[in-house]
Amino acid sequence: MKNSKNVLYNTFGKGAVDDLKLLITQKRLTSEDYCVFLVDEYFKNSPLLNRLSIQPRDRLIFVPTVEEPRTDQINSFYDELTSVSENLPCAVVGVGGGISLDTAKAISNLLTNGGRAEDYQGWDLVKMPGVYKIGVPTISGTGAESSRTCVMTNKMSGLKLGMNSDYTIYDQLILDPNLSETVERNQYFYTGMDTYIHCLESLNGAYRNAIGDAFSEQASKLCRDVFLSLDMKSSENREKLMIASYLGGCAIANSYVGVVHPFSAGLSVVLGIHHGVGNCIVMTAMEEFYPAEVAEFLRMVDAQQVVIPSGVCKQLSDEQYQRLYESTIIHEKPLANALGVDFKKVLT
Ligand code: NAD
Ligand code: ZN
């Protein structure tokens, strides 16, 4: 296994978000020091804002979540921030789901590395440590809080790929399970299931190792506890899912995904379907590759009475099908992990 890095510091527990104040104060060394907050737009009028310790000289950007992060949007946030101040902020704080956490990671890296977001889509292209970054997840499942990437779509090239680098990892996390209480049930399931799916793909792949497996196995166990229980959103289950998400992100930093994620990425690039729900739609068609896991997934859907959309690819044009194929098959590493180097003979 290659040299692998994880998040340096975590605080965890109900009400942990109030630790942010002290953590940020430690970073504000002079009266000039300011922080950049990238906060999920859902919290625009929420009392949570008052608990983030935002000062008048700080910069607050509400991150829209209608679309997943685009490179041009990251660039425009960067341009906006650098047009106001030439000095770097002392911290970048991301608060929200995968969209906001990934946006904050990308901004932190761009601020010190310069250039455009698309310059860093790939592996280990970020050369300088980003601005000190603090992540505060408010919904659990993607593992964006602990992974070494931040997923962005370049609309010009059609590429959905993140800045995979050690510098993309958060320096500090605040894991407060109280924050996910307000998440709508279907969304809670779709995002939570991302962890379960990351892990099943890793555990069924060729590139396995003992550390990745240990993270995946424990995260899968927690997901089973949560999604096969009577109430996936109970206080205890929100706590468990937050840890499962964190461990799932660590797992993926030490392994690869498989067949589900490439198909889900295709749905995202061509039809704009969001990551979590896209994964769930794909899972319903994955029996050939992951029979036992698909059966368990369907039991979870049934236990939680959530709705998985169907028929999203009805009446597409040949051109759309072609683009779906191309934006799926481009994900060579995960597909080779799942199906071997001759994966194009399986996925014709
Ligand atoms: P999201 O950021 O897409 O948010 C989903 C919805 O939940 C949004 O409407 C948001 O406003 C809402 N929401 C968030 N917290 C809430 C709360 N506490 N109460 C009420 N509503 C709340 O959610 P996601 O599924 O966590 O993230 C998906 C994104 O993560 C995609 O862009 C995907 O590409 C990315 N992703 C990144 C990684 C990584 O390793 N970096 C891994 C997987 C997915
Ligand atoms: Zn995922």
Exercise. For the pair TYR9 and GLU288, how long in nm is the line joining their label points, each one 7 Å along Cα→Cβ?
Worked result: 5.0 nm
For this session: With viscosity set to 0.890 mPa s and temperature to 25 °C, compute the Stokes-Einstein D of segment 259-348, Rh being the Kirkwood radius across alpha carbon pairs; µm²/s, no decimals.
Result: 178 µm²/s
For this session: Could you tell me, in Å, what Rg and Dmax come out for the Cα atoms of segment 70-126?
Result: 11.0, 31
For this session: Would you mind pulling out the separation of the Cα centroids of segment 112-188 and segment 256-333, in Å?
Result: 22 Å
Problem set entry | Residue among TRP123, HIS275, ILE197 farthest towards the positive dipole end of the chain, charges placed on Cβ | TRP123
Problem set entry | Projected label distance in nm at LEU125 and LEU347, using a 7 Å step from Cα toward the beta-carbon | 2.1 nm
Exercise. Which whole-number percentage describes the relative contact order of the chain, with Cα contacts under 8 Å and a sequence gap of 6 or more?
Worked result: 16 percent
Exercise. How big is the charge dipole of segment 285-348 about its Cα centre, in debye rounded to the nearest 20, if each Lys and Arg gets +1 on its Cβ and each Asp and Glu gets -1 on its Cβ?
Worked result: 100 debye
Exercise. Near SER46, within a Cβ-to-Cβ distance under 13 Å, what is the net charge of the other residues, with Lys and Arg +1 and Asp and Glu -1?
Worked result: -1
Seminar exercise, completed: Taking only protein heavy atoms and a 1.4 Å probe, the highest-to-lowest accessible-area order of ASP102, ASP18, ASP318, ASP225 is ASP318, ASP18, ASP225, ASP102
Problem set entry | Ellipticity estimate at 222 nm from DSSP helix runs (n ≥ 4, -39,500 (n - 2.57)) divided over the chain, nearest 500 | -13500 deg cm²/dmol
Problem set entry | Quotient of C-alpha Rg and 2.2 N^0.38 Å, computed over segment 111-167 | 1.18
Exercise. So what is the relative contact order for segment 50-141, in percent, with contacts set as C-alpha pairs under 8 Å and at least six apart?
Worked result: 32 percent
Problem set entry | Residue-normalised accessible area of the chain, expressed per residue, 1.4 Å probe, Å² | 43 Å²
For this session: Taking all pairs of distinct Cα atoms, average 1/r, flip it, and tell me the Kirkwood hydrodynamic radius of the chain in Å to one decimal place.
Result: 20.4 Å
For this session: For segment 1-147, restrict the atom set to alpha-carbon positions and state the Rg and Dmax in Å.
Result: 14.8, 46
Problem set entry | Model label zone, ILE308; criterion: amide N under 15 Å from point 7 Å along Cα-to-beta-carbon; scope segment 226-251 | 227-228
Seminar exercise, completed: Toy charge model, Lys and Arg Cβ at +1, Asp and Glu Cβ at -1: segment 1-130 dipole around Cα centroid in debye, rounded to 20, equals 520 debye
Exercise. Expressed as an acute angle from 0 to 90° and rounded to the nearest 10, what is the orientation of the C-alpha long axis of helix 210-227 relative to the principal long axis of the chain?
Worked result: 80 degrees
Exercise. For labels at LYS155 and ARG185 in the simple 7 Å Cα→Cβ model, what's the distance in nm?
Worked result: 3.5 nm
Seminar exercise, completed: Residues whose modelled amide H sits under 5 Å from the amide H of LEU60, counting only those 5 or more places away in sequence or on another chain, are PHE37
Exercise. Pairing the Cα long axis of helix 291-304 with the longest principal axis of the chain, what angle in degrees results, from 0 to 90 and rounded to the nearest 10?
Worked result: 60 degrees
For this session: Please report, to one decimal in angstroms, the Kirkwood hydrodynamic radius of segment 209-308 built from all distinct Cα-Cα pairs.
Result: 14.4 Å
Exercise. Dividing the alpha-carbon Rg of segment 64-168 by 2.2 N^0.38 Å yields what?
Worked result: 0.97
Exercise. When the C-alpha atoms of segment 97-216 are aligned to their principal axes, what extent does each axis show, in angstrom, from largest down?
Worked result: 38, 37, 30
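How high is the relative contact order of segment 84-234, given as a whole-number percent (alpha carbon pairs under 8 Å, six or more residues apart)?
That works out to 21 percent.
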For this session: Any chance you could give the angle, 0 to 90 degrees and rounded to 10, that helix 71-84 forms with the longest Cα principal axis of the chain?
Result: 0 degrees
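Would you kindly state how much longer the chain becomes between LEU228 and ALA214 on full extension, computed as 0.36 nm times their sequence separation minus their alpha carbon distance, in nm to one decimal?
Net length gain for the segment: 2.9 nm.
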Exercise. Leaving out ligands, DNA and RNA, what percent of the accessible area of the chain is carbon and sulfur, probe 1.4 Å?
Worked result: 53 percent
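The values are calculated or read from the model by the stated rules, or taken from the named source; none is laboratory data. What you see is a predicted model; the values in this text were computed from it and never measured. Heads up, the Cβs are rebuilt from the backbone with ideal geometry, glycines too, and the neighbour counts pull from every protein chain shown. When the accessible area is computed, the model is the full protein with side chains, heavy atoms only, and any ligands, DNA or RNA have been set aside. Shrake-Rupley method; radii C 1.70, N 1.55, O 1.52, S 1.80 Å.
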